[in-house]
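The values are calculated or read from the model by the stated rules, or taken from the named source; none is laboratory data. Since the model is a prediction, treat every value here as computed from it, not as a measurement. Note: ideal-geometry Cβ built from the backbone for every residue, glycine included; neighbour counts use all protein chains shown. Accessible surface areas use protein heavy atoms only, side chains included; no ligands, DNA or RNA. Shrake-Rupley method; radii C 1.70, N 1.55, O 1.52, S 1.80 Å.
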Amino acid sequence: MNTTPEAAGAAPPSPPSSAAPGSSAPQDRGGTAAPQPDAAGRPVAEQLAELQARHAEVSDAYLRAKAEAENIRRRAEEDMAKARKFAIEAFAESLLPVVDSLQAATAIPNATPEQVLEGVHATLRQLTAALERNRVVAVAPPAGTRFDPHRHQAISVVPADQEPNTVVAVLQGGYLINDRVLRPALVTVAGPK
């Protein structure tokens, strides 16, 4: 027969306290310190619940912000794809009257040379206006203009009675689009005297 206090139903003796003498830390039956309240007097379980709720709130906000950033990036990519796909739409639309004029000119079987020339001039004006509306401008420097290697391409250097390194004649006009060279003007340039 067992005669120990545990067998008799009595509580086991508590182990010796590891707390320093004079310490008022309460001990639970397992020998560990009981949860301590914070400076405001709140229990640790309440602090933990508050921190977990705050963590869930911050995690949710992060996930929402991440999803929003991903949506913005995706929408921007879609907008860029559409812009690339339809960028030429306005330009093509401005050329349609030119096409209409050319078709009308070919529909007249017995046009006189004067009528054809008049139609060509009118169509050229339409085409020039369409290009200008789309910020495509001609580069045709007058004679005597200083040679600009960024906008002009020298085909030859010729002796001339003008300042050296200036344009003598334009062989083919150039074009700029939004101040960027689309095609340089082909020019002859005055050589040194």
- Query: Toward the positive end of the charge dipole of the stretch 61-126, about the Cα centre and with charges on Cβ (Lys, Arg +1; Asp, Glu -1), which of Ala92, Pro113, Ile72 goes farthest?
  - Reply: Ile72
- Here the stretch 166-172 yields Karplus 3J(HN,Hα) values (6.51, -1.76, 1.60; θ = phi - 60°; whole Hz; Gly and Pro given as x) of 10, 6, 8, 8, 9, 8, 8
- Query: Starting at 0 and stepping by 10 Å, how many percent of the alpha carbon pairs of the stretch 77-133 end up in each bin?
  - Reply: 22, 36, 23, 12, 6, 1
- With every protein chain in place, what's the accessible area of Glu163 (1.4 Å probe, Å², nearest 10)? 120 Å²
- Message: Return the equivalent ellipsoid semi-axes of the stretch 115-193 as a descending list in whole Å, where each equals the square root of 5 times an eigenvalue of the C-alpha gyration tensor.
- Response: 28, 16, 8
- Task: List every residue whose amide H lies under 5 Å from the amide H of Leu182, counting only residues 5 or more places away in sequence or on a different chain, with H placed 1.01 Å from N in the peptide plane.
- Result: Tyr175, Leu176, Ile177
- Can you give the alpha-carbon Rg of the stretch 43-110 over 2.2 N^0.38 Å, where N counts its residues? 2.71
- Ordering 52-64, 136-148 by per-residue average of other C-beta atoms within 10 angstrom, highest first, gives 136-148, 52-64
- Message: Could you give the length gained by full extension between Glu118 and Glu68, i.e. 0.36 nm per residue of separation minus their alpha carbon distance, to one decimal place?
- Response: 12.1 nm
- Task: Evaluate the charge dipole of the stretch 46-171 about its Cα centre and quote only its size in Debye, nearest 20, assuming +1 on the Cβ of each Lys and Arg and -1 on the Cβ of each Asp and Glu.
- Result: 160 debye
- Using a 1.4 Å probe on the protein chains only, how many percent of the accessible area of the stretch 39-193 belongs to carbon and sulfur? 60 percent
